1. Looking at residue 169, is it surrounded by 15 or more Cβ atoms within 10 Å (Cβ to Cβ), within 16 Å of the ligand (Cβ to nearest atom) and either modelled with pLDDT of 95 or more or at positive phi (or both)?
2. Select from region 168-189 the residues that are within 16 Å of residue 50 (Cα to Cα) and not in a loop (DSSP other than H, G, I, E, B) and write down the one among them that is farthest from the chain's Cα centre (by Cα).
3. For region 89-112, which positions are more than 15 Å from the ligand (Cβ to nearest atom), surrounded by 17 or more Cβ atoms within 10 Å (Cβ to Cβ) and in contact (Cβ under 8 Å) with a residue 40 or more places away in the chain?
4. Among the residues of region 173-192 satisfying the criterion of being touching a residue at least 40 places away in the same chain (Cβ under 8 Å) and surrounded by 16 or more Cβ atoms within 10 Å (Cβ to Cβ), which is farthest from residue 99 (Cα to Cα)?
5. I need the full set of residues from region 186-218 which are within 16 Å of the ligand (Cβ to nearest atom) and more than 19 Å from residue 151 (Cβ to Cβ), in order please.
6. Criterion first (touching a residue at least 24 places away in the same chain (Cβ under 8 Å), exposed (fewer than 13 other Cβ atoms within 10 Å of the Cβ) and in a helix (DSSP H, G or I)) does residue 115 satisfy it?
7. Could you count how many residues in region 119-144 are out of contact with any strand residue (DSSP E or B) (no Cβ under 7 Å at 6 or more places or on another chain) and either more than 16 Å from the ligand (Cβ to nearest atom) or assigned to a helix (DSSP H, G or I) (or both)?
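The values are calculated or read from the model by the stated rules, or taken from the named source; none is laboratory data. What you are looking at is a predicted structure, and each value in this text was computed from that prediction instead of being measured. Here the Cβ is made from the backbone with ideal geometry for all residues, glycine too, and neighbour counts use every protein chain on show.
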Ligand SMILES: [Zn+2]
């Protein structure tokens, strides 16, 4: 009995200590994967899912903005040339490799602030009505462009349909640089968006490879990890 009186409290103390350590120790995360936004109120990862069901708040901005050293179309604004730094560096690598293989891309639009998206959406509602606006323009907060992790690209002909050599190259190679084709053909019911061969999203190389190999989407990837 005396032994019990000593052993039981020790077991309780050890158990409580283990539980506390587990609660108080942050999970193992690489700095690359976890990005804090400027207000430090929102921790995101490269796999941040943004769509109609998962909106960003109006204060969300890329943690560290950078303008990639790539050619842009002439009328790209300074805002839309910005990207989250990790994605910016990756897109530079992608453009460089493509060029070596005779494929020339131009950036059209990367980061778009909540205010800009709100402006685009409001103008569309005024000009074309609510139904058309909802069909063609993302509601403020639901555009992935607000993350700074994606970019729309085009080719020298400014004609970026899925059958062009540039679109084919992008679909086959983007994952090698950590990007996925965010709105693939045949996945419209899952992404909630029409096929966009020009819109690539940075998720990091490992996730991009997994999504590419499974012919999957960020929605499906996220659901499989939850
Ligand atoms: Zn886009």
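1. Values: surrounded by 15 or more Cβ atoms within 10 Å (Cβ to Cβ): yes; within 16 Å of the ligand (Cβ to nearest atom): no; either modelled with pLDDT of 95 or more or at positive phi (or both): yes.
Considered against the rule, which asks whether it is surrounded by 15 or more Cβ atoms within 10 Å (Cβ to Cβ), within 16 Å of the ligand (Cβ to nearest atom) and either modelled with pLDDT of 95 or more or at positive phi (or both), residue 169 comes out as no.
2. So the residue we want is 189.
3. Answer for region 89-112, where residues must be more than 15 Å from the ligand (Cβ to nearest atom), surrounded by 17 or more Cβ atoms within 10 Å (Cβ to Cβ) and in contact (Cβ under 8 Å) with a residue 40 or more places away in the chain: 90, 94, 98, 103.
4. Per the criteria, the residue is 191.
5. Step one: filter region 186-218 for residues within 16 Å of the ligand (Cβ to nearest atom), giving 187-188, 191-203, 217-218.
Within region 186-218, 187, 188, 192 meet the criteria.
6. Values: touching a residue at least 24 places away in the same chain (Cβ under 8 Å): yes; exposed (fewer than 13 other Cβ atoms within 10 Å of the Cβ): yes; in a helix (DSSP H, G or I): yes.
When the stated conditions are applied, residue 115 passes them.
7. Residues of region 119-144 out of contact with any strand residue (DSSP E or B) (no Cβ under 7 Å at 6 or more places or on another chain): 119-141, 143.
Narrowing further to those that are either more than 16 Å from the ligand (Cβ to nearest atom) or assigned to a helix (DSSP H, G or I) (or both): 119-136.
Selection size over region 119-144: 18.
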